[in-house]
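Any read-out appearing in this document is the output of simple, stated calculations on the displayed coordinates, not a laboratory observation. Please read these numbers as outputs of a predicted model, since none were measured by experiment. Counting neighbours? That spans all protein chains shown, and the Cβs are built from the backbone with ideal geometry, glycine included.
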């Protein structure tokens, strides 16, 4: 399951077209028919992420003792700081960044979930799952390899603290920021939750949406009964 965070089916051509229509001064896509933009309501409907809870404030300062002891205490991983990640050239713990793939691979080797799995092992797996979700899915960097220390501060903290945040609003802010960055002259890549923008485009610009077999679609059918539901439902 955790491996799926590292492989997303993204329509790069469509997103490039969308980025070329982005106007950073008004945070709006400009089309011949007028302006459109993705909103908090769109993010909430497409992802189910909360948008009305407590705001997430940047807390990327290095914890007392460093990131290594924090990770060791919560996940019981002794993160290497000198051995490079295969194919990357940086250690798994590097300047406040943690390799998502390194953490995912190690938890899958150590934990085999089942009905008799101890609670502390389940909690470790859940925290790594969140690291994969947040770092590789909601706030991926351009290489989709690292999670920033700011997110570790939340994800290795209290469960109520994680649950009580407005994740949808900060995801939308990240999408806006990445679109503004990639609209600059010389920009070649974009990070952020582009899968949400892709789902939004499929919803509002149907000419971009994939078409399923006709027998699976009907005006009176509920999505949960469709044999081949839209990507966002999956």
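Once the chain from residue 30 to residue 72 is taken as fully extended at 0.36 nm per residue, the excess over their C-alpha distance is 10.3 nm. Using 0.36 nm per residue and subtracting the Cα-Cα separation, the extra length available between residue 40 and residue 108 on full extension is 21.0 nm.
To the nearest 0.05, what FRET efficiency results for residue 188 and residue 129 with a Förster distance of 41 Å applied to their C-beta separation? Efficiency, from the Cβ-Cβ distance: 0.85. Look at 14, 207, 79, 36 and count the other Cβ atoms within 10 Å of each Cβ; fewest to most, that gives 207, 36, 14, 79. In terms of the mean number of neighbouring beta-carbon atoms within 10 Å, the peptides 163-170, 115-122 order highest first as 163-170, 115-122.
If the chain linking residue 144 and residue 204 were pulled fully straight, counting 0.36 nm for each residue of separation and taking away their Cα-Cα distance, it would gain 18.9 nm. Averaging Cα coordinates gives a centre for the stretch 111-166 and one for the stretch 16-31; these two points are 32 Å apart.
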